[in-house]
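The values are calculated or read from the model by the stated rules, or taken from the named source; none is laboratory data. As the structure is a computational prediction, the values presented were derived from the model and not from experiment. Cβ sites come from the backbone with ideal geometry, for glycine too, and all protein chains shown count toward neighbours.
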Protein chains: 2
Amino acid sequence: MTGQSIIDRFSSLLGSKGVITDRDDIAPWLTDWRGRYHGAADAILAPANTQEVAAAVALASETGIPLVPQGGNTSMVGGATPPADGSALILSLRRMNHIRALSPDDNLAICEAGVILSSLHDAAAAVARRFPLSLGAKGSATIGGLISTNAGGTQVLRHGTMRALVEGIEAVLPDGSIFEGLDALKKDNRGYDIKQLLIGAEGTLGIVTAASLRLVPAIAARAVGWIGVRSPDDALALLRLAETHLGDSVEGFEIIADDGLGHVLSHIPGTRCPIGTRTPWHVLIEVDHADMSEPGPAQRLESALAQALERNIAVDAAIAANDAQAEAFWRIRESLSEAERAQGPALQYDISVPVARMPAFMVDAADAAERAFPGTTASSFGHLGDGNVHFHVRAPKGTMDGPAWMAAQGQAINTFIHDAVAAVGGSISAEHGIGQMKRAEFGRLASPARIAALRAIKTAFDPKGIMNPGKLIPRPDEG
Amino acid sequence: MTGQSIIDRFSSLLGSKGVITDRDDIAPWLTDWRGRYHGAADAILAPANTQEVAAAVALASETGIPLVPQGGNTSMVGGATPPADGSALILSLRRMNHIRALSPDDNLAICEAGVILSSLHDAAAAVARRFPLSLGAKGSATIGGLISTNAGGTQVLRHGTMRALVEGIEAVLPDGSIFEGLDALKKDNRGYDIKQLLIGAEGTLGIVTAASLRLVPAIAARAVGWIGVRSPDDALALLRLAETHLGDSVEGFEIIADDGLGHVLSHIPGTRCPIGTRTPWHVLIEVDHADMSEPGPAQRLESALAQALERNIAVDAAIAANDAQAEAFWRIRESLSEAERAQGPALQYDISVPVARMPAFMVDAADAAERAFPGTTASSFGHLGDGNVHFHVRAPKGTMDGPAWMAAQGQAINTFIHDAVAAVGGSISAEHGIGQMKRAEFGRLASPARIAALRAIKTAFDPKGIMNPGKLIPRPDEG
């Protein structure tokens, strides 16, 4: 519990709009959006600008009150949920939602941390540009949260993760000082890259308050294709062939197991398989051009796919005839999680391995999991070109009580899958971060040198431990 | 001075080939290659592998002997020169010169730190790939040094600096532990990015021993053009026009002041101006395709330049008719530093500012410098698209004693130029790093929050201060 006198001190810094203490107003922000983590906090601090963030952090540092930075509260790993003991306050960035500058000539946008991703998409589109990162939570997720979790999505193959799109950063460090690094310098070799350190730090080293973000030209012409293949090996061969023919214009390349497709067709109304043949695996590809030069993306994709069919890499292929069909192809990919939920309880893993090892991993790890946990089925889908898939282990058919199955089997299956990932040099968190959900497993599997380096940095930046406590850094008993 | 008994202990770890104590063998490595810094060391440690590096660092940590990591000794800022008091030992990575793996299918090379850049270029070319970073010192500079200084060059516009090309890293941390991060994961959100922290750290946080590096397809077709323009503003407009027409295939875009061109034509035999008109500014552009698709780069560049001439952005333009002509265009750019040296003494600055501000900066800062220091002439050339130029202030005509002029005027001119850079949110070190040369100026101009963050990280990683002492981190009296 935070004392009233301390909350009054925050109020005097942030004004009445800047401190929310009504329990009903606080409640929605105490639970992560998947409903797995529940915290407590006596107040939400909602500063209106960077100076107010700095003042709030300085007071938190002085009084030793931990702060949990929060944007859209869309963490997949409990990264923005306060501790259950009510010792911390939430610091919400949602009031800081201005796009400070939008410069199409320079392909730059300067956004405050609370700008919602879809708002940035709209603003960029209005000046014939785009911000090339998107994900399911785009209507809620904020720029600050996307930076602090180094978010990915389906366009990483071409444009990289958030890490590659942030050109400058402004942040409040744990002592309340302001790190002013918004100037977008393409080359800057003045020592350690503090910007890169804050990206993906999950709010444990400070609070990102604004960023300069890279825009790219709007899409002038696109082509979306669906290809049936026999194996993940063939899917990777198809990606390499596509890269040779289409170069940097391959914007999306997603692999989908046929069982996942089947679940979409069963559970999502209005979906149908884009090709006539049901193959064991499927690929969704998008090719984008920023100009109208000939040959356009459809023609170039067609010639690449003709060669893939001829070389027997692909079994069947279709190119969307129009935008509606393209959206229908993408809708299958985007409905996979929902269809899997409808299908039944499953444990889901967000993992990466080196790209070349991914085809074998997808097959071998699924086989091994099904053998080790009889009755389960395992399969994966996702960003093959990034070496990142979402790997699902489904409860045995007929399992009625999902939570009970997870309680009984969850930890053993987690250990099994994470060990398999570690064995091929992979990461147990490709996109979602560590938060509180993966902290113990991270501690168990990471090398002592990596954990020691993380702890040293954390202590150096935040000696009082006030920034997002309980997230990311394994506890002493966790490795 | 390092005691003999301690050198004996290093010898027992590294063998006789691993410890060089002959003064003649050590001498060349005690001075930076521009001859500005002179150090002393009783031995060069030359470990043969990562385990030996780890053992040597552990012993250094135990005994408190500072180490100066060294690759090709091509630092522009005295970053690899040991302290003059002889308290440190050099740790050379040059024996670790194996390319551990070369995987064209995955576009990856795993190189030890001592691999020379041109060796990697050759190895990649042999498998129809290339490593898209090059610079003048490529015959000496090593991968470890290029990573530790986040090197740039003329291909950054398209491919980024070293930071964008390192996919994985192996390093020995200051306590002798090995950070094993060679697995090239395109997505990995397990906490702070230690890899990015080590890139550009100038050996002050540990020793990079190997890296996984990104390769790209070999060039199948190229076009090189020379364009005369009226101003840096028009040069930037030309870049934007080229990007619209040619997209990602613009690999190089260099701006050259006409006086710099004049010095090349005067001092470098066999050079001639590629266009018939002498304009105030010139642009060198290279467009590369990885495939032979039509229209090829020459045809596309021609159509872009036609539009630039029509819109009066360009005054005159030429496209190289063949490879020999393309090399002749590039030779002008690459001879600029040599020609400037032949022209007379000059102070040289490696600076960056936000791209949009660079045209005005190039004109205004040169005018201001010439007014403030009568008799001097100032001009710049370099990577306009990266917001990075090499800015030269030349001694007044007839200055015979360059060193005396620099001793008298150097500090005042440094301050003047660096202040101008800082005033527009730029960096006093775009490519070369801080080393010992720019340490005091960095301390003077950087914000207290940035310096505090750097010092905190340094202390966290290297509490005993044994890694490359005296480099990068401003001393207490320096800000």
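Some notes on this structure:
- Residue in region A:29-45 that is small (Gly, Ala, Ser), modelled with pLDDT of 95 or more, closer than 19 Å to A:ILE207 by Cα and touching an Asp or Glu at 6+ places or on another chain (Cβ under 8 Å) present: no
- Evaluated against (1) within 22 Å of B:ARG333 (Cα to Cα); (2) under 23 Å from the mean Cα position of the chain (by Cα), B:THR415 falls short on exactly one condition, (1).
- A:PRO69 fulfils the conditions (1) surrounded by 20 or more Cβ atoms within 10 Å (Cβ to Cβ); (2) free of Cβ contacts under 8 Å to residues at least 12 places away in the same chain; (3) not hydrophobic (A, V, I, L, M, F, W, C) except for a single criterion, (2).
- Which numbered condition A:PHE329 misses (of (1) more than 19 Å from the chain's Cα centre (by Cα); (2) within 27 Å of A:GLU286 (Cβ to Cβ); (3) not assigned by TED's automatic domain parsing to the domain that holds A:SER231): (3)
- Members of region B:434-472 that are more than 7 Å from every other protein chain (Cβ to nearest Cβ) and polar (S, T, N, Q): B:GLN436, B:ASN468
- Each residue in region A:177-186 was checked for being more than 7 Å from chain B (Cβ to nearest Cβ) and either in a loop (DSSP other than H, G, I, E, B) or within 19 Å of the chain's Cα centre (by Cα) (or both), and 1 pass.
- Residue match in region A:78-89 (condition: away from chain B (no Cβ under 14 Å) and in a strand (DSSP E or B)): yes
- Filter result for the condition that a residue is modelled with pLDDT of 95 or more and within 12 Å of chain A (Cβ to nearest Cβ), over B:GLY168, B:GLY247: B:GLY168
- Contacts under 6 angstrom Cβ, first residue in region A:187-202 being more than 7 Å from chain B (Cβ to nearest Cβ), partner assigned to a helix (DSSP H, G or I), 6 or more apart: A:ILE199/A:ILE147; A:ILE199/A:ARG163; A:GLU202/A:SER148
- Within region A:203-224, the residues that satisfy the criterion of being touching a Gly at 6+ places or on another chain (Cβ under 9 Å) and within 10 Å of chain B (Cβ to nearest Cβ) are A:THR204, A:SER212, A:PRO217.
- Test: residue in region A:42-50 that is more than 26 Å from the chain's Cα centre (by Cα) and farther than 29 Å from A:PHE179 by Cα: no
- Just one residue in the set B:SER379, B:SER303, B:SER352 is among the small types (Gly, Ala, Ser) and out of contact with any Asp or Glu (no Cβ under 9 Å at 6 or more places or on another chain); that residue is B:SER303.
- Residue count, region A:447-465 (criterion: in a loop (DSSP other than H, G, I, E, B) and surrounded by fewer than 22 Cβ atoms within 10 Å (Cβ to Cβ)): 4
- Residue match in region A:201-212 (condition: at pLDDT below 95 and assigned to a strand (DSSP E or B)): no
- Checking each residue of region A:234-242 against the condition of being within 19 Å of the chain's Cα centre (by Cα), among the acidic types (Asp, Glu) and either more than 9 Å from chain B (Cβ to nearest Cβ) or surrounded by 24 or more Cβ atoms within 10 Å (Cβ to Cβ) (or both) gives no match.
- Of all the criteria given as (1) acidic (Asp, Glu); (2) within 14 Å of chain B (Cβ to nearest Cβ); (3) assigned to a helix (DSSP H, G or I), the one not satisfied by A:GLU431 is (3).
- The set of residues from region A:111-154 being part of a loop (DSSP other than H, G, I, E, B) and free of Cβ contacts under 8 Å to residues at least 12 places away in the same chain comprises just one member, A:ALA126.
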